[in-house]
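Just so you know, all these numbers are worked out from the coordinates, no wet-lab data involved. What you are looking at is a predicted structure, and each value in this text was computed from that prediction instead of being measured. Backbone-built Cβ (ideal geometry, glycine too); neighbour counts: all protein chains shown.
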Amino acid sequence: MLVSPSLLAANFANLERDIEMINRSEADMLHLDIMDGVFVPNISFGFPVIKSIQNLCEKPLDVHLMVVEPQKFITRVRDCGATLMNVHQEACLHLDRTIHEIKQAGMKAAVTLNPATPVSTLVNIISELDMVLLMSVNPGFGGQKFIENTLTKIKRLKALIAESGSNALIEIDGGVNLETGARLSEAGADILVAGSYVFNSPTPIETITQLKQL
């Protein structure tokens, strides 16, 4: 299992310390949730913070834009050192164009689906994607309860990926812990995003290792 800890749950007064912990851990990526207060209720952090993180973090940056019109920020996300740029299907009027522009900018391209958005909306774009993120909580807040229907969506998405010949990985974000993580792994998830479960752990490096072993 790949693990992408979500920086949203980190201690921003000690951000360098928490990123150094991620560097020492077995984490595969660092998940960065960018919120604009419009697409989701909260505001998180922006490009100056991402740029600072790039200078500290030794892991690839998994940048998740929970914003309206994410296509406007492709170049800025790239210039902040992102390996992967993730946009919401619900926020993109011209999703195919946005995905191709992300790739042309030299990044991997991913699409996120909110809990109520069906997997079928990706039928015509799945072959172009490097990753699909299924939200297992409603986006905008940390520490929410896991939505059980995510397990069914994973199976539907895996079937779509297989039918299309896509190489897209399946990432899950929301309510991830050892119990839900084991069930997500069994359903076919490839990457787990974990925020509160990692950063609130008394032994976060060990917690990341435990998730890796699922």
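How large is Rg/Rh for segment 33-100, to two decimals, with Cα atoms and a Kirkwood Rh? Walk me through the numbers on the way to the answer.
Values: Rg = 11.8 Å, Rh = 12.3 Å.
My calculation of the ratio gives 0.96.
Give, rounded to the nearest 20 debye, the magnitude of the charge dipole that the chain has about its Cα centre when Lys and Arg contribute +1 at Cβ and Asp and Glu contribute -1 at Cβ.
On the way: 17 positive and 24 negative charges, 34 e Å.
With only Lys, Arg, Asp and Glu charged at Cβ, the dipole is about 160 debye.
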Practice prompt. Run down the lysines and flag those whose C-alpha is under 26 Å from the C-alpha of Lys155, throwing out any fewer than 8 positions away in its chain.
Written response: Lys108, Lys145, Lys212
Practice prompt. Could you run the Debye sum over the Cα atoms of segment 2-212, one equal point scatterer each and no solvent, and tell me log10 of I(q)/I(0) at q = 0.12 Å⁻¹, two decimals?
Written response: -0.56
Worksheet item: Considering the dipole of the chain built from charges on the beta carbon (Lys and Arg +1, Asp and Glu -1) around the Cα centre, which of His100, Ala194, Ser4 is farthest to its positive end?
Response: His100
Worksheet item: Beyond 20 Å, what percent of the Cα pairs of segment 142-214 remain?
Response: 32
Worksheet item: According to a simple spin-label model (label point 7 Å from Cα along Cα-to-Cβ), what is the distance in nm between Ala13 and Ala116?
Response: 3.8
Discussion item. Along the Cα→Cβ direction, 7 angstrom out, place labels at Lys51 and Ala162. What is the inter-label distance in nm?
Written reply: 4.6
